[in-house]
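The values are calculated or read from the model by the stated rules, or taken from the named source; none is laboratory data. Predicted model only: the values in this text are computed from it and were never measured. FYI the Cβ positions are ideal-geometry reconstructions off the backbone, even for glycines, and counts take in every protein chain you see.
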Amino acid sequence: MIYTFGMRRSLNSILRDLDDISQTLTGRRIPYWTRLGWEELRRPRANKQISYQAAEDPYKILGLDPSCIPSDIIYTYRQLARKYHPDNRETGNEALFKKVTAAYEKLCLERGIR
């Protein structure tokens, strides 16, 4: 999910309101770690870099239907990653592992899977 300018502005106002409420009720501001988590939520995910670009359709690489649910994507990726991981002596393949990982990262960015 990509946040628009209006959404960021509303998230900022919500954070300010929560901070004011916390100040009123407890006499303290929102803890620093909470603010850091909120900043991470506000940061758009589109800035994440994919290390190995997937030239093909990511659904085709993972062998999935485009209408699949996120848990199917995660499950399939883990199975293929285990199979093609370079440390696997029988079926390890670094090129395929990178291709599968890039396809998974691309789908995660498109669908907002964390």
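Check Ala95, Ala81 and return the single one that is loosely packed, with under 14 Cβ neighbours inside 10 Å, out of contact with any Gly (no Cβ under 6 Å at 6 or more places or on another chain) and hydrophobic (A, V, I, L, M, F, W, C).
Ala95
Assess whether Tyr84 counts as being at negative phi, within 16 Å of the chain's Cα centre (by Cα) and modelled with pLDDT of 80 or more.
Considered against the rule, which asks whether it is at negative phi, within 16 Å of the chain's Cα centre (by Cα) and modelled with pLDDT of 80 or more, Tyr84 comes out as no.
If I ask for residues that are among the polar types (S, T, N, Q) and under 15 Å from Tyr59 (Cα atoms), which ones from segment 80-114 would you list?
Across segment 80-114, the qualifying residue is only Thr101.
Does Gly112 count as surrounded by fewer than 15 Cβ atoms within 10 Å (Cβ to Cβ), at positive phi, within 20 Å of the chain's Cα centre (by Cα) and of a type in the set (Gly, Ala, Ser)?
yes
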